[in-house]
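The structure appears below as structure tokens.
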Amino acid sequence: MARPEPGAAVYVEDLPVPTPGEGEVRVRIARAAICGTDRHIFHWDPSVAPMLSPPVVIGHEFCGHIDALGPGVEGWQEGDYVSAEMHLVCGRCRACRSGNRHVCEHTRIAGLHRDGAFAEYVVVPAANLVRLDPAVVPPHIGAFLDALGNAVHTVQAASSIAGRHVLLSGYGAIGAMAAAVVEFEGAASLTITEVAPGHLERARAWAAARADSATPIRVLDPGRGGLVEEVRATTDGGVDVVLEMSGAPAAINSGLELLYPAGEMVLLGIPSRPDLLVEDFSRRIIFKGLTLRGVVGRRMFATWEEMLGLLARGLDLEHIVTHRLPLRDFHRGVALLDAAEAHKVVLDPAQTD
Ligand SMILES: [Zn+2]
Ligand SMILES: [Zn+2]
């Protein structure tokens with residue numbers, strides 16, 4: 001058991017094994033994965049700190065096996081291989097009743113508001129479980145289905161991908177997964193922009209590995225200049241779809257500039273400041289007749305079905321897993337992510353070194 005480190009809000013501690021309540025199950029965790037949200041918690045970022053009332057077990061990306069059923073749980077057995085949607089929704093608000101549970105007014109998140117998955121066991125409502133096929137989803141991939149769900153939700157939020165020119169800004173972990181989905185779905189071209197050297201290098205390595213793809217993949221560093229001219233020249237005047245995964249104001253503005261008239265921008269990246277200046281607003285958005293769409297979470301449970309379907313048909317995400325560490329090396333995983341040296345850091349509670 002480690003004591004809190006100076007300046008860190010997160011530490012390792014022994015806790016009693018939790019007991020599932022009415023309608024809940026306990027899952028023995030096979031693998032978990034570190035998310036950007038966990039990094040923000042680790043650094044006690046103002047964007048997440050008010051949502052937490054410690055002590056709480058953090059972590060919301062995981063897979064494992066059911067090992068105990070609470071009262072009233074039907075349709076599940078001990079030993080079932082599962083992941084879970086960790087957004088817990090009310091089911092009663094207008095959003096929930098309209099089939100939009102991913103934007104429930106009363107969303108609570110396991111790993112923030114209640115105990116999560118960076119542990120040997122997690123208790124979740126049975127209604128949030130998702131059954132996994134071990135032949136399709138190995139544990140090191142099952143560990144980050146939550147994040148893959150963000151990627152798939154973002155790509156599917158565009159009206160279509162096949163045969164269209166796509167620009168993806170931000171090749172972090174979710175951006176990298178979204179890029180794989182875009183290629184898998186047969187875009188006419190995929191242009192990736194990224195500024196962090198580590199992510200840029202991984203984007204180039206992936207594009208090189210996919211050199212035989214029917215979808216030409218270009219990776220550009222916008223800091224080098226000439227971005228607009230280069231993209232327009234290779235996309236017949238502009239892209240049809242922008243998937244904005246970075247939250248960087250410059251990326252949002254150049255994405256709007258690069259969209260061909262009647263194009264679509266899907267926004268998942270969260271700008272670090274609450275206000276955003278859109279330059280040349282009328283010409284870039286209104287006169288081009290653009291569609292802008294925000295994406296949060298995963299549709300329950302349509303996005304889960306779609307991503308499991310993509311994995312079953314061969315969507316390859318092995319390159320996303322850059323590091324596998326013991327759970328207690330969480331700090332090292334965060335440092336790797338902070339330095340943009342990792343995409344997905346998968347944690348194993350059973351691994352000892
Ligand atoms: Zn996550
Ligand atoms: Zn609700």
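Here, each number is a calculation from the coordinates, and none is a lab measurement. Everything numeric here is computed off the predicted structure, so don't read it as measured data. All Cβ positions, glycine included, derive from the backbone under ideal geometry; neighbour counts span all protein chains shown.
A compact table of results
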item: Cα-based helix-to-principal-axis angle, 173-184 vs the chain, degrees rounded to 10; result: 60
item: Diffusion coefficient, µm² s⁻¹, Stokes-Einstein with Kirkwood Rh over alpha-carbon pairs of segment 151-294 at 20 °C and 1.002 mPa s; result: 145
item: Computed helical MRE - 222 nm, the chain, DSSP H runs ≥ 4 contributing -39500 (n - 2.57), nearest 500; result: -7500 deg cm²/dmol
item: Karplus 3J(HN,Hα) series, Hz, for segment 191-206 with 6.51 cos²θ - 1.76 cosθ + 1.60 (x for Gly, Pro); result: 10, 10, 10, 7, 10, 6, x, x, 5, 4, 5, 5, 4, 5, 5, 5
item: At 1.567 mPa s and 4 °C, Stokes diffusion of the chain via Kirkwood alpha-carbon radius, µm² per second; result: 62
item: Amide hydrogen neighbours beyond the local backbone of residue 115, cut-off 5 Å, H modeled; result: 57
item: Under 5 Å, built H, 5+ apart or other chain: amide partners of residue 292; result: 265
item: Principal-axis tilt of helix 302-312 within the chain, Cα atoms, nearest 10 degrees; result: 80
item: Full-extension gain in nm, residue 11 to residue 120, via 0.36 nm per residue minus C-alpha separation; result: 37.8 nm
item: Amide H contacts under 5 Å for residue 219, placed H, 5+ residues apart; result: 192
item: Table column - 3J(HN,Hα) (Hz), segment 207-212, Karplus curve with 6.51, -1.76, 1.60, x for Gly and Pro; result: 4, 5, 5, 9, 4, 8
item: Test item: Cα-centred dipole of the chain, Lys/Arg +1 and Asp/Glu -1 on Cβ, debye; result: 680
